[in-house]
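These notes are about the structure you will find just below.
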Amino acid sequence: MKPISKENLLTILIVVALVLGALVGQFLLHDPSATKEKMEQAVQPWKVAGDLVLIRPLMLIIIPLIFTSVLTGVTSIGDPKKLGVLGGATLIFYVVTMVFAVTTGVTLAWLFNPGGAATSLAATQVADAAATLPSAPPGGLGAAWLQILYLLVPNNFFSAAANNETLSIITATIALGIAITVIGTKARPFVVVVESLHEILMTLVRWILWLLPIGVFFLVAWAVGRMGLKELFDSLKWYVLVVFAGLAIHMFGTLPLVLWALTKINPFKYLWSMKPALLMAFGSASSLATMPVTITTSVTKGGCSRRASGLVLPLGATVNMDGTALYQGVAVIFLFQAFGIELHFTQYLVIVLTATLAAVGAAGVPGGSIATTLIVIAAVNTTLAATPGVPVLPLSAIGIILGVDRILDMCRTTVNVWGDSVGARIITRIAPDDPDPAKEAAYA
């Protein structure tokens, strides 16, 4: 009998942990008769355990790993002109796929009208929702994008690192890498140190991978225990099903088709190779926490180059949010439908554009898209307010969907990470570790 490889054993353990976590959460932790506050208190220790076992160790190495990954990627490319080509191609891929994603979500929400079955929820839950509502970024979409510009041009590298402002770290590191490339051989000793640190961090990631089953077990038990599986199939079932359908179409249809069209590789074989990262994304609901696993898996199992992975994946964990954009499109339309507010083509177009832009600003941590969803609602309200007598949606309406947000967060994060992985595999064709002379000549 052929022995089970370490990789397959880890996958089996993670899947078992997911199932056991769901069973424990549903049958041992969840108490439908308990108040929401008591239920939160009962399951909180499981979340703490998951954070201590898995999330905190991974978050500890994220900032240094972003620094070493991006710097080694930039210095390995060498020519700043090539870096511009790679960066431009990466950003185009991210924007286009996010537009595809949110268009899919908006189309499904328009076709199936999930909010029509939840109208009774609107009057009874919106008042209670205001107490737990996260605050919307002041100033609307313009202010949110001004904040992104500030992140793109940081004024203190160490402050950015302390505050986990990953976009600031990436832009500052790219600038440093270009300067190192210009200096040339004089900077080689520093590059050698960074490359050694990168290998050390990757070794730590491989060790932490074996904590995945334990951490995922605790986190899934917490997520299911606090809400219960039944809640998914009450009055919000159509909303949940439409989100699931949209994410499935994008994950198993759109992204594989794009990957096959641009690389001619088997997209589902590549998806299977990325399963440790995807399972980690599902269990943690955090693109940032998953990023170290995504980088390791893409290089060792997915056939991605270190060059591409070092640049594309840290950037993707920060700005590429296909699943989040799709979710925001469905969530916003659902809420307007639930309140009986009719939307037209103009509003749908605003949702597509705003959800795409707002998703870039969504934090790569659990629940990070709630605040940006408020931005999309506010943008639609602005277009509605231009017509006298047309009602607008109260921002507190988002509280209706917060109860099922965690399970949807897990699913959309998985799609986010899969989109990052597809981008890394596509950009590998442009930036292989062993450059093709013909491709090198094409950059000249």
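Put 30, 344, 250, 198 in order of accessible area, highest first, and with a 1.4 Å probe you get 344, 30, 198, 250. Which FRET efficiency, nearest 0.05, do residue 344 and residue 382 yield, Cβ-Cβ r, R0 22 Å? The computed FRET efficiency comes out at 0.95.
Other residues within the sphere of radius under 14 Å centred on the Cβ of residue 284, judged by their own Cβ, net out at +2 (K and R +1, D and E -1).
Of 59, 274, the residue with the largest accessible area leads and the full order is 59, 274 (1.4 Å probe).
The simple Förster model, with R0 at 35 Å and r as the Cβ-Cβ distance, assigns residue 207 and residue 163 a FRET efficiency of 0.85. Using only the Cα atoms of the stretch 224-283, build the gyration tensor, take square roots of its eigenvalues as a ≥ b ≥ c, and label the shape rounded, prolate or oblate: rounded if a/c is under 1.5, else prolate if a/b is larger than b/c, else oblate. In terms of gyration-tensor shape, oblate. In the context of the full protein assembly, residue 296 retains an accessible surface of approximately 10 Å², using a probe radius of 1.4 Å and ignoring ligands and nucleic acids. Per residue, the solvent-accessible area of the stretch 171-250 (1.4 Å probe, heavy atoms of protein chains only, all protein chains present) comes to 48 Å². Average accessible surface for the stretch 290-331: 14 Å² per residue, computed with a 1.4 Å probe over protein heavy atoms with every protein chain in place. Surface calculation, 1.4 Å probe, protein heavy atoms: residue 252 sits at approximately 110 Å² accessible.
Counting pairs of alpha carbon atoms under 8 Å apart in space and at least six apart in sequence, what relative contact order in percent does the stretch 271-316 give? Value for the stretch 271-316: 36 percent. Spacing of the modelled spin labels on residue 390 and residue 9, each 7 Å from Cα toward Cβ, amounts to 6.1 nm.
The values are calculated or read from the model by the stated rules, or taken from the named source; none is laboratory data. This structure is a prediction, so every number in the text was calculated from the model and none was measured. Reconstructed Cβ throughout: ideal geometry from the backbone, glycine too, with neighbour counts over all protein chains shown. Remember, those area values only see protein heavy atoms, side chains included, never the ligands or the DNA or RNA. Shrake-Rupley method; radii C 1.70, N 1.55, O 1.52, S 1.80 Å.
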